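This report refers to the structure that appears directly beneath it.
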Amino acid sequence: MKELSIRLERGAKTPLYEQLKQHLIEQIRSGVLPPGARLPATRDLADQLDIGRISVVSAYEDLKQAGYLEAHVGRGTFVADHPPEENTAALTGSAFFQDASIRELVRMAARPGVISFAMGTPPDEFLPVGIIQQAIDAVLARDGASALAYEAPEGFSPLREAIAQMVGESGIEVRADDVLITGGCQQALDLAVQALLNPGDVVLTSSPTYAGFLDIAQARGITPVGVPVDRYGMRTDMLEALIAENRPRLLYVAPTYHNPTGTVMPAYRREELLAVAAQYRLPVLEDGVYQDLTFTTAPPPPLKAMDDTDLVMHASSFSKIMMPGMRIGYLIVGERLRRRLVRVKQAADVCTPALNQRAMHHVLTGGQLNTHLEAVRSALLTRRSALLDALERHLPEAAWHEPKGGLYVWVLLPEDGPSAAELLVHAIGQGTAFAPGPLFHLDGAGVHALRLNLAAHPPDVIEEGVRRLGFVWAQQAEHYQPASRPTSPLL
């Protein structure tokens, strides 16, 4: 098998895997790669081109679906005997994802019959339809047409007051004026980025991190720099060196039930982080969206509750606990930045829908939220136990830590076996899916990691989904070196 002659342009807008696909198509059509020619193993070609293995896997899988390549178990990947003469529509929509795409991942995982653990939201059965319907009816009866009109850009004043009172129970002492209502936590994060950073500026974030924040960084033209994590979350001992080297304008952190790893930053690290931020006058954007999804003992107070420098902005929402589709989030920010953020918010969407805000206020002041939260926490604990038990039975080669709250279990596959990308391609064919690790990394790392949503299904469906996953793993790992249980700083 000769070495392929392929040159990729790393600075081009076209993703590397798309460039690789086109090079292979050209060589197949020109006869450089004739029918039956064996292609290099994904690992070997990735090493040759000095790119992530996921790029090669993605290119190969797309070309298989388009009819250019064929895979033979135990033998490798070959040029098809009768490759298509023209590029096919299968190549216009990636059969896998690279660089971008949460939407593509969701599309693939949403196929009928697939038991998907890939989503980042609670399941439909967790959403309190009756409570929301009652709240909307009550608001319309009370407020009439004003519930359908524009609100102030800052948000519905009574809702801001209710949120200020609610977060006060976790130690965050703020006034209603410090609360900005947003279209979900995602918009809260985006507004903070827009208000503080210019294109080309650097933001520090954990690695891995929330994939939606990487989308924001890409859309706003800012440069994310990763801070390593371990089982206690972000490595605060590495912050000073990274700040000195990169001169960031913002630090984004999710200290409680971090997405995707589920870790909780202990109090001493929170204090270290705040001390470093104060030393360098570095604004901190805290993502607290999972703070209330606690299974056992309460986590440490939010960073905002420990902040005496007014450097911390606290973003959260009700999307993970109550009503994701109604997009009610909030950003708590001090007076220094409030006016700037309100201007950015007004330019983004004028205001968050009045009816949704007023309905959420009705729920908060009526006490239904706490009752609903208790039921959700109980269900999450049951489903977490079911998922961990199923992993022990069906995927014992992998490693994970037990989350104390949130929605996710971060699983590490043996490094001498199939990557998460390879596994996902085959898993979907067997009717199960997950979110692969590279989706959450800045640099294509996390090749052997995957995220499972522990809330996605009831226990019996969890069992079947993990059984399918274990079956696919065993099938694919058979052709690799014998697997060993991985070690990880998360464990």
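Structure notes:
- The stretch 223-306: mean projected area of Cα convex hull, nm²: 5.4
- Each residue of the stretch 168-184 was assigned a 3J(HN,Hα) from its phi angle through the Karplus expression (A = 6.51, B = -1.76, C = 1.60, θ = phi - 60°), giving x, 5, 9, x, 8, 9, 9, 8, 4, 5, 7, 9, 10, 7, 10, x, x Hz with x at Gly and Pro.
- If the Kirkwood radius is taken over C-alpha pairs of the stretch 193-232, then at 10 °C and 1.306 mPa s the Stokes-Einstein diffusion coefficient equals 151 µm²/s.
- J(HN,Hα) series, the stretch 356-371, from Karplus relation 6.51 cos²θ - 1.76 cosθ + 1.60, nearest Hz, glycine and proline x: 5, 4, 5, 5, 5, 4, 4, 5, 4, 6, x, x, 5, 4, 4, 4
- Per-residue HN-Hα couplings for the stretch 381-389 [Karplus 6.51, -1.76, 1.60; θ = phi - 60°; Hz; x = Gly/Pro]: 5, 5, 6, 4, 4, 5, 5, 5, 5
- Percentage, to the nearest whole number, of Cα pairs in the chain over 37 Å apart: 32
- Based on every Cα atom in the stretch 319-379, Rg and the maximum pairwise Cα distance Dmax equal 14.4, 41 Å.
- For the stretch 270-408, a Kirkwood radius taken over Cα pairs fed into Stokes-Einstein (20 °C, viscosity 1.002 mPa s) yields D = 120 µm²/s.
- Based on DSSP H segments of at least four residues, each scored -39500 (n - 2.57), the chain has a per-residue ellipticity at 222 nm of -13000 deg cm²/dmol.
- Ellipsoid equivalent to the stretch 124-229 - semi-axes via the Cα gyration tensor, in Å: 33, 17, 16
- Globularity ratio of the stretch 393-443, using Cα Rg and 2.2 N^0.38 Å: 1.22
- Label positions at Ala141 and Ala71, each projected 7 Å from the Cα along the C-beta direction, are separated by 5.8 nm.
- The stretch 181-253 and the stretch 403-440 have Cα centres lying 24 Å from one another.
- Rg/Rg_globular for the stretch 356-428, with Rg_globular taken as 2.2 N^0.38 Å and Rg from C-alpha atoms: 1.62
- Antiparallel %, DSSP beta bridges [both residues in the chain], to 5: 60
Throughout, read-outs are computed from the coordinates displayed, never taken from laboratory work. Here the structure is a predicted model, which is why all the values come from computation and not from measurement. Glycine gets a Cβ as well: all are built from the backbone with ideal geometry, and neighbour counts include every protein chain shown.
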